[in-house]
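The values are calculated or read from the model by the stated rules, or taken from the named source; none is laboratory data. Small disclaimer: the values here were computed from a predicted structure and weren't measured. A quick note on method: Cβ atoms are made from the backbone with ideal geometry, for glycine too, and the neighbour counts reach across all protein chains shown. Just the protein is used for accessible areas: all its heavy atoms, side chains included, with ligands, DNA and RNA removed. Shrake-Rupley method; radii C 1.70, N 1.55, O 1.52, S 1.80 Å.
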Amino acid sequence: RGFSAYAREHPSRDVTATLMEFRRRVHDAVSARHGTVDKYLGDGVLALFLEGSPELQAEQALRAVQDILRSIAGWNEERARGKRPNLR
């Protein structure tokens, strides 16, 4: 949320580093749950979970989202120590 405003208000070097770190965290969480990142859509992600039954796919997708939220929360703690804004 608010990434366009963040991009306008910060140096491009910081914006790129932030976006790449976000993508790494998302990729790691999706891959750990046997998913594949199909594409990035701005600051959003389209991920596919194709292993197992539809119920297992949905469970893996939900767990990946929970992992991402935990990762972002931890990252925000790191960012706060460095006086950088939280990401939502």
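For this structure, a couple of remarks:
- Unique residue being of a type outside the set (Asp, Glu) and either over 16 Å from the mean Cα position of the chain (by Cα) or in a helix (DSSP H, G or I) (or both) when the list is Arg1, Arg70: Arg70
- Set Val45, Val26, Val30: member being open to solvent by less than 60 Å² (accessible area, probe 1.4 Å), at pLDDT below 95 and within 10 Å of the chain's Cα centre (by Cα): Val45
- Restricting the first member to the range 53-76 and to residues that are free of Cβ contacts under 8 Å to residues at least 24 places away in the same chain and among the hydrophobic types (A, V, I, L, M, F, W, C), and the second to residues that are open to solvent by less than 80 Å² (accessible area, probe 1.4 Å) and assigned to a helix (DSSP H, G or I), no beta-carbon pair is closer than 7 Å while six or more apart or on different chains.
- Residue satisfying all of: in the range 33-42; surrounded by 12 or more Cβ atoms within 10 Å (Cβ to Cβ) and without any contact (Cβ under 8 Å) to a residue 24 or more places away in the chain; nearest to Ala58 (Cα to Cα) among these: Thr36
- His10 at pLDDT below 95 and either surrounded by 15 or more Cβ atoms within 10 Å (Cβ to Cβ) or closer than 22 Å to Lys83 by Cα (or both): yes
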